[in-house]
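Just so you know, all these numbers are worked out from the coordinates, no wet-lab data involved. Everything numeric in this text was worked out from a predicted model, so none of it was measured. Cβ: placed from backbone, ideal geometry, glycine included. Neighbour counts: every protein chain shown.
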Amino acid sequence: MKLNKFKEHYAKFVYERSDVEPVSFLTESLALKPCLVLMPNKLELIKPASEILPDIAAALTNRSLKILLSSSIDPESHSYIRKFFIIRAEPGDYDTFLLPKKQFIDKVSYGGVGIVIDLDLRPNLFNAVLALRSGAKVRTSFDKAVGLPYYNMIVGPSEPEKNPKASYRVMADVLGNFSF
């Protein structure tokens, strides 16, 4: 427990000092860079999160989707996930504080990232740092008490874990309205 608090303070010290500039969602959405979808760590949330992947793909037409799995799930076990480009976080991709190493961020960001969608319902510092460091101008997540500079678009109720399916449906609907 003590390492988690130290890790949180360390990440806030390092990453919250980043400059944050306003973003034009229209301008950024017109650039055809890939979209990075960060899946949740909890295994029981993978299925409901993966069910909105087709909706995300429909909203982000002509864009490739990269799906990041940091849990031990087999992507072949879910028909929704295996249709997309999968990136797995391996034990060597984490630093001492369980944050993404620079080499892993470079691997995930290869070819550019235009939009990051974090589908974890709980605060996840690994995903937050990866979203910020990926170079994506549009970074969206659920309202989970992790905001700027990590994310610049917050979606949904303040307690998304109470009804995960409804929270994921809200995320899909919001992204569908933007039709990037």
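Here are the numbers for this structure:
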item: Highest to lowest packing among 143-152, 49-58, scored as the average C-beta count within 10 Å; result: 49-58, 143-152
item: Residues Ser64 and Lys42, FRET efficiency given R0 of 22 Å [Cβ-Cβ distance, rounded to 0.05]; result: 0.25
item: Total charge dipole magnitude, segment 33-178, about the Cα centre, Cβ charges on Lys, Arg, Asp, Glu only, Debye to nearest 20; result: 340
item: Linear extension gain, Asp143 paired with Lys5, 0.36 nm per residue minus alpha-carbon span; result: 47.6 nm
